[in-house]
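Note sheet for the following structure.
The values are calculated or read from the model by the stated rules, or taken from the named source; none is laboratory data. Keep in mind that this is a model prediction, so the values were computed, not measured. Please note that ligands, DNA and RNA were not included when accessible areas were found on the heavy atoms of the full protein model with its side chains. Shrake-Rupley method; radii C 1.70, N 1.55, O 1.52, S 1.80 Å.
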Amino acid sequence: QVQLVESGGGLVQAGGSLRLSCAASGRTFSSYVMAWFRQAPGKEREFVAAISWGGRNTYYTESVKGRFTISRDNAKNTVYLQMNSLKPEDTAVYYCAADREYSRVMHGYDYWGQGTQVTVSS
């Protein structure tokens, strides 16, 4: 069982930056692929980024490549999403997710956080 708690969301102007954090419980954090998804009002939840167990491999949706960076600190049981050059279309609730294997779809992840709101003003 893994419990996930996101933090770091907020209101930022276009072009600004935010860093999201996701703290995980449990002693097996390093054996999970960690991912970030987001859901904008009226839209389906979409994949944003994922990182492999040891952090060697990272994956991004096309729209955030070059602007967002996913990282993890296994000693702290925490995964991060550094978001730079934010755009109004990045506005969404951002969710942290965990699973044993990599996936780009929601049903590929067994564990979810409660979400943190990111709002980017123009």
The long-range amide H neighbours of residue 87, using H built 1.01 Å from N in the peptide plane and a cut-off of under 5 Å, are 15
Work out Dmax and Rg for the stretch 33-98 from the C-alpha atoms and quote the Rg first, both in angstrom. 11.8, 37
With the full set of protein chains in place, find how many percent of the accessible area of the chain is carbon and sulfur; take the probe as 1.4 Å. 46
102, 60, ranked by accessible area, largest first (probe 1.4 Å): 102, 60
With a 1.4 Å probe and all protein chains in place, put 62, 46 in order of accessible area, largest first. 62, 46
Any chance you could tell me what percent of the C-alpha pair distances in the stretch 13-65 go past 19 Å? 41
Per-residue accessible area for residue 28 at 1.4 Å probe radius, Å² rounded to 10? 70
Restricting the calculation to Cα positions, tell me the Rg (one decimal) and the Dmax (whole number) of the chain in Å. 13.2, 42
Restricting to Cα pairs below 8 Å that are 6+ residues apart, what does the relative contact order work out to for the stretch 1-55? Please round to a whole percent. 28
Show 73, 99 ordered by accessible area, largest first, where the area counts protein heavy atoms only and the probe is 1.4 Å. 73, 99
Relative contact order in percent for the chain (Cα pairs under 8 Å, 6+ apart) equals 36
For the chain: accessible area per residue (Å², 1.4 Å): 52
What are the ³J(HN,Hα) couplings of the stretch 93-109, residue after residue, when phi is run through the Karplus curve with 6.51, -1.76, 1.60 and θ = phi - 60°? Round to Hz, x for glycine and proline. 8, 9, 10, 9, 9, 9, 7, 6, 10, 6, 7, 10, 10, 4, 6, x, 10
For the stretch 81-88, what does the Karplus curve 6.51 cos²θ - 1.76 cosθ + 1.60, with θ = phi - 60°, yield as ³J(HN,Hα) per residue in whole Hz, taken in order and with x for Gly and Pro? 9, 8, 10, 10, 6, 5, 10, x
If you stretched the chain out fully between residue 23 and residue 122, how much longer would it get, using 0.36 nm times the residue separation minus the C-alpha to C-alpha distance? 32.6 nm
